[in-house]
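Here is the structure we will look at.
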Amino acid sequence: MTRPHRGPGLAGSPVVPYPHGGLSRHANLPPGERLRVLLVEDDEGDAFLVGELLAETNSMIELQVATSLSEARQRITDVDCVLLDLGLPDAQGLDGLRQVLEMSSGAAVCVLTGRSDEHLGVVAVAEGAQDYLVKGQVDGVLLTRALRYAVERKRADENARRLREVELRQAESARLERGLLPQPLMTTDQVAVHTFYRPGRHAALIGGDFFDVVQTRPDRLDLIVGDVCGHGVDEAALGVELRVAWRALVLAGVPDDEVLPALEQVLMSERRLQEIFATVATTRLDLDANRATVRLAGHPPPVLLRKGSVAPVPARGGLLLGVAPRRPVAFDLEFDTDDWSLLMYTDGLIEGRVGAGNDRLDVPGLTELLADPANREVALSDLPAWLVGRAEQINGGPLADDVAMLLVTSGGGR
């Protein structure tokens, strides 16, 4: 490559647009089509040559020149690519590259080396530069292509880094959410508890619905299923707070009639808006007496399966938590057989549509599904998932809301 005749040098300050870089010919180009390159070069002849090469190829590159790293630092935030000479008055070799990489942020870096220092170009790429060029071995086309490729590689690297960061955050969030899911605290083998949980939020592991199981005595088992209104992260966090608060209250031996009022106080103090409310169903099982006490706060009733029949528990619905504080009324349920199952669930299971109209599955529809002879072929441990599948089939697609279920079974379960 023949070096053009060295012109009169740089026009004006070295940090203003370089006159041979093509800016004057393409000053009206939109930013997306114009590449902004900062040449860090203390040799006036080499700087002139770079400008001439870019101008000859009609490169649409806005070239600026700085003769030192201190000058480059003032302009580097506004450029797409830095073309860096490794021999500068205030930085030599890889030390200058490391400083540019530290200050360049999202800009690509392309290194200029002499023929005797070509090995430094390879090392520079290993240090983080996108490419290297050997002085005297490039023409305008190769230089323009190298600069644009360097910018695209930098963008690809940045996109890959951001994607990796998102994946790491998602993995961390997933681990956190898994840690917030309840682990039933029970040791008895008098009954079995089968759980089902599926949030309505896309790609989430936890939603505003919650459930928990706690055994406080050999003959006593407490269960809760609840639903915080809404589907966002705040509602999911509040649901976890309510579940943990309920477990603490039960383990602390708070009197039965005081547990839900205390839980309501937690809700009202932790919710971000006064309009936020929750529905809750609790059941205390007396295993030795084969009986249960059910309390509802605006929640759909549990469904009892026994002796081949299916019926909702006729407990009073009660008021929503967080609306008008009132103590829920307890309903005593006597099991007249050792073979029974009690299904507790959130309304996401029963809010699916039935047919083309506005009718919902609701509690009567759920009762019919449970009474269907077809489900007798389904193992009790698989019954919650089977119910969701049937509800979605009737709905004509996935259920929109969170779904949480607890199925407690004794003996044969039916």
Checking Asn358 against (1) at pLDDT below 95; (2) under 27 Å from Ala192 (Cβ atoms); (3) not small (Gly, Ala, Ser), which test does it fail?
(2)
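Going by what's in this entry, would Gly106 be described as under 12 Å from Glu41 (Cβ atoms), outside any strand (DSSP E or B) and out of contact with any Phe, Trp or Tyr (no Cβ under 9 Å at 6 or more places or on another chain)? It would help to see each step written out before you state the result.
Values: under 12 Å from Glu41 (Cβ atoms): no; outside any strand (DSSP E or B): yes; out of contact with any Phe, Trp or Tyr (no Cβ under 9 Å at 6 or more places or on another chain): yes.
Answer is no for this residue.
Just to verify a result, which residue in region 290-307, among those that are part of a loop (DSSP other than H, G, I, E, B) and open to solvent by less than 50 Å² (accessible area, probe 1.4 Å), is nearest to Gln190 (Cα to Cα)? Outline the logic, then answer.
The initial filter retains those residues of region 290-307 that are part of a loop (DSSP other than H, G, I, E, B), namely 290, 299-302, 307.
Next cut, open to solvent by less than 50 Å² (accessible area, probe 1.4 Å) only: 290, 299-302.
Values: Asn290: 10, His299: 27, Pro300: 26, Pro301: 23, Pro302: 20 Å.
Residue satisfying both the conditions and the ranking: Asn290.
Hey, any hits in region 214-228 for a residue that's closer than 23 Å to Leu349 by Cα, assigned to a loop (DSSP other than H, G, I, E, B) and either at pLDDT below 95 or in contact with a helix residue (DSSP H, G or I) (Cβ under 7 Å, 6 or more places away or on another chain) (or both)? Break it down stepwise before answering.
Pass one, region 214-228, residues closer than 23 Å to Leu349 by Cα: 222-228.
Still in the list and also assigned to a loop (DSSP other than H, G, I, E, B): none.
No, because not a single residue in region 214-228 is closer than 23 Å to Leu349 by Cα, assigned to a loop (DSSP other than H, G, I, E, B) and either at pLDDT below 95 or in contact with a helix residue (DSSP H, G or I) (Cβ under 7 Å, 6 or more places away or on another chain) (or both).
For every residue, the table says whether it meets (1) touching a His at 6+ places or on another chain (Cβ under 8 Å); (2) at pLDDT 85 or above; (3) not charged (D, E, K, R).
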residue	(1), (2), (3)
Asp131	no, yes, no
Asp139	no, yes, no
Arg148	no, yes, no
Leu176	no, no, yes
Tyr197	no, yes, yes
Name every residue in region 397-411 that is touching a helix residue (DSSP H, G or I) at 6+ places or on another chain (Cβ under 9 Å) and under 26 Å from Ser309 (Cβ atoms), in order of residue number.
Val403, Ala404, Met405, Leu406, Leu407, Thr409
Among the strands (runs of 3 or more DSSP E) lying completely within region 310-414, list those that include at least 1 residues that are under 19 Å from Leu221 (Cα atoms) and open to solvent by 50 Å² or more (accessible area, probe 1.4 Å).
331-334
Going through region 66-84 in order, the residues found to be outside any helix (DSSP H, G or I), surrounded by fewer than 21 Cβ atoms within 10 Å (Cβ to Cβ) and without any contact (Cβ under 8 Å) to a residue 60 or more places away in the chain are Ser68, Arg73, Gln74
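Quick one: is Val123 among the aliphatic types (A, V, I, L, M), under 21 Å from Arg161 (Cβ atoms) and in contact with a helix residue (DSSP H, G or I) (Cβ under 7 Å, 6 or more places away or on another chain)? Walk me through it before giving the result.
Values: among the aliphatic types (A, V, I, L, M): yes; under 21 Å from Arg161 (Cβ atoms): no; in contact with a helix residue (DSSP H, G or I) (Cβ under 7 Å, 6 or more places away or on another chain): yes.
For Val123, the condition - among the aliphatic types (A, V, I, L, M), under 21 Å from Arg161 (Cβ atoms) and in contact with a helix residue (DSSP H, G or I) (Cβ under 7 Å, 6 or more places away or on another chain) - is not met.
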Take Leu63 and tell me if it is more than 24 Å from Val122 (Cβ to Cβ), of a type outside the set (D, E, K, R), touching a residue at least 12 places away in the same chain (Cβ under 8 Å) and part of a strand (DSSP E or B).
yes
Looking at Ala55, is it modelled with pLDDT under 85, among the aliphatic types (A, V, I, L, M) and open to solvent by 50 Å² or more (accessible area, probe 1.4 Å)?
no
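Inspect region 272-283 for any residue being of a type in the set (Gly, Ala, Ser), open to solvent by 40 Å² or more (accessible area, probe 1.4 Å), touching a strand residue (DSSP E or B) at 6+ places or on another chain (Cβ under 7 Å) and closer than 22 Å to Ala385 by Cα and give the result as yes or no. Even if it seems obvious, please write down each step before you answer.
First, the residues of region 272-283 that are of a type in the set (Gly, Ala, Ser): 278, 281.
Still in the list and also open to solvent by 40 Å² or more (accessible area, probe 1.4 Å): none.
The answer is no, given that none of the residues of region 272-283 is of a type in the set (Gly, Ala, Ser), open to solvent by 40 Å² or more (accessible area, probe 1.4 Å), touching a strand residue (DSSP E or B) at 6+ places or on another chain (Cβ under 7 Å) and closer than 22 Å to Ala385 by Cα.
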Filter region 341-362 for residues that are within 11 Å of Val388 (Cα to Cα) and of a type in the set (A, V, I, L, M, F, W, C) and give the result.
Leu349, Ile350
Selection over region 32-52 where residues are open to solvent by 20 Å² or more (accessible area, probe 1.4 Å) and of a type in the set (Gly, Ala, Ser) yields a count of 1
Among residues belonging to region 110-120 that are surrounded by 17 or more Cβ atoms within 10 Å (Cβ to Cβ) and out of contact with any helix residue (DSSP H, G or I) (no Cβ under 6 Å at 6 or more places or on another chain), point out the one that is nearest to Arg36 (Cα to Cα).
Leu112
Considering only residues that are under 22 Å from Asn159 (Cα atoms) and more than 30 Å from the chain's Cα centre (by Cα), which ones fall in region 98-107?
Arg98, Val100, Leu101, Met103
Looking at (1) β-branched (Val, Ile, Thr); (2) outside any loop (DSSP other than H, G, I, E, B); (3) open to solvent by 60 Å² or more (accessible area, probe 1.4 Å), which is the only condition Val266 fails?
(3)
Among the residues of region 85-99, what is the count of those that are basic (Lys, Arg) and part of a loop (DSSP other than H, G, I, E, B)?
0
Given the options Val228, Val213, Val250, name the one that is in contact (Cβ under 8 Å) with a residue 60 or more places away in the chain, crowded, with 19+ Cβ neighbours inside 10 Å and among the aliphatic types (A, V, I, L, M).
Val213
Would you point out which residue out of Ile350, Ile394 is β-branched (Val, Ile, Thr), closer than 23 Å to Val280 by Cβ and touching a helix residue (DSSP H, G or I) at 6+ places or on another chain (Cβ under 8 Å)?
Ile350
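The values are calculated or read from the model by the stated rules, or taken from the named source; none is laboratory data. Computed from a predicted model, the values in this text were never measured in an experiment. Cβ atoms come from the backbone with ideal geometry, glycine included; neighbour counts cover every protein chain shown. Ligands, DNA and RNA are excluded from the accessible area calculation, which covers all protein heavy atoms including side chains. Shrake-Rupley method; radii C 1.70, N 1.55, O 1.52, S 1.80 Å.
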